Amino acid sequence: MTGSGHFLPIIVILALLGAGCVHAPVAPGEMPAARHHLMQQLLHGVTGHLQASLSSLDDTCSEAAETLGSTSLSGPRADATLERVVSSHPSILTAITYDMNGTVLAAEPPSAKVIIGRSLLDQEQVRQAIGTKKPLMSGYFTLAQGGEGVAIACPVLSREGKFLGVVSTTFSPRMLIAPAAGEAMAYAPFIFNIAQADGRILFHPDPSLVGKPTFNETTFARFPGILDLAHRYSSERSGYATFSFSRTGSDVVVEKETFWDTVSLHGTEWRVMVIAEKE
C-alpha cells in the first residue's frame, strides 16, 4: 500500500499488545494511550495513501489535458487518450471532454458514449470548470449516465494558450478509499469514515450510509454528538471528539471516539476519521 510501509510495524506491535498477544506489561491506565497512538498511526497512513492517490488521479487528468491540447477534444486520438485515463486506476469510472458550452465531445468507456452531444451545464462542477478555466475536484454527485462519483476536471489549452474546453474524469470514492481503509481496519477493531467537509459520507463500512448527508439526515437526528462532530470537522481540518452512535452492524448504542485529518485537492477537502469504541 502506498505510503504504508513506515507505519505497519508499529501497527502490528500495538495491535498485538492491545489484544494481549504479546507478553509485555501494559497497565490498564496505559491502554487508552496505546489505543490513541494506534488510531493516529492508522489515520496517518490512510490519509497519506489517499492524498497520494488523489494527486495521482490529478496528474493523470493534467497529462491528458496537455495531450488533448496538442490533438483534439474528439476523434480517434482523443478516444485513445481517454482510454488511457480510464485504464490508469481501478476507481476511475469515466473520462470525457466537453467544449466551452458544456457539450460532451468524447467519452470513455463505451458505456459512457451515450452522453456524447449532451450539454452538462446543469452540473455545478461543469459550470465552474468552464467559468474559472482552472483545475477542480467536485463534490459527490450523480453522473449524467447514472451512478454517483466525484469528478476531477482540467482545462484544455491549445499550444497558443487558447481555452478549448475541459477534460474530466469521474471516480468512485469508495473504490479509491477501500484498499487503504480496509488494510488499516484489518489491524485493529476500528472503522474509517470519510466525508466531505459538508458532511456527505463518501466511505463507511455500512454501505447504507454512503452518499448520505450528515446534516438533515434522519439516521443521525437522534445522535446530537454526531451533529456536533460534523459541525466541528466542517471547519476544523483535524481534531479529536467523542460521541454516541450505533455499533457498526448492530442497533446497540455505544460511546465512541475519533481522530480526524484532511486530504484535499484543488481546494476540495475530505475529512478522514478513524473511529473506535471507548473502553
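The values are calculated or read from the model by the stated rules, or taken from the named source; none is laboratory data. Fair warning: this is a prediction, and the values are worked out from it, not measured in the lab. All Cβ positions, even for glycine, are placed from backbone atoms using ideal geometry, and neighbour counts span all protein chains on display.
Is it the case that some residue within the stretch 262-277 is more than 24 Å from Ser138 (Cβ to Cβ) and in contact with a helix residue (DSSP H, G or I) (Cβ under 8 Å, 6 or more places away or on another chain)?
Yes, that holds for at least one residue.
Just wondering, is there one or more residues in the stretch 199-216 that are hydroxyl-bearing (Ser, Thr, Tyr), at pLDDT below 90, within 29 Å of Ser55 (Cα to Cα) and in a helix (DSSP H, G or I)? Yes. Any residue at all in the stretch 108-116 that is of a type outside the set (D, E, K, R) and assigned to a strand (DSSP E or B)? No, the stretch 108-116 contains no residue that is of a type outside the set (D, E, K, R) and assigned to a strand (DSSP E or B). Residues of the stretch 82-107 that are of a type outside the set (Phe, Trp, Tyr), crowded, with 17+ Cβ neighbours inside 10 Å and touching a residue at least 60 places away in the same chain (Cβ under 8 Å): Leu82, Val85, Val86, Ser91, Ile92, Leu93, Thr94, Ala95, Ile96, Thr97, Asp99, Leu105. Within the stretch 110-127, being of a type outside the set (A, V, I, L, M, F, W, C) and either free of Cβ contacts under 8 Å to residues at least 24 places away in the same chain or more than 22 Å from Asp59 (Cβ to Cβ) (or both) holds for Pro110, Ser111, Lys113, Gly117, Arg118, Ser119, Asp122, Gln123, Glu124, Arg127.
Only residues that are assigned to a loop (DSSP other than H, G, I, E, B), in contact with a strand residue (DSSP E or B) (Cβ under 9 Å, 6 or more places away or on another chain) and either hydroxyl-bearing (Ser, Thr, Tyr) or within 18 Å of Tyr98 (Cα to Cα) (or both) were counted in the stretch 141-188, giving 5.
Scanning the stretch 124-159 for residues that are more than 12 Å from Leu265 (Cα to Cα) and aliphatic (A, V, I, L, M) yields a total of 7.
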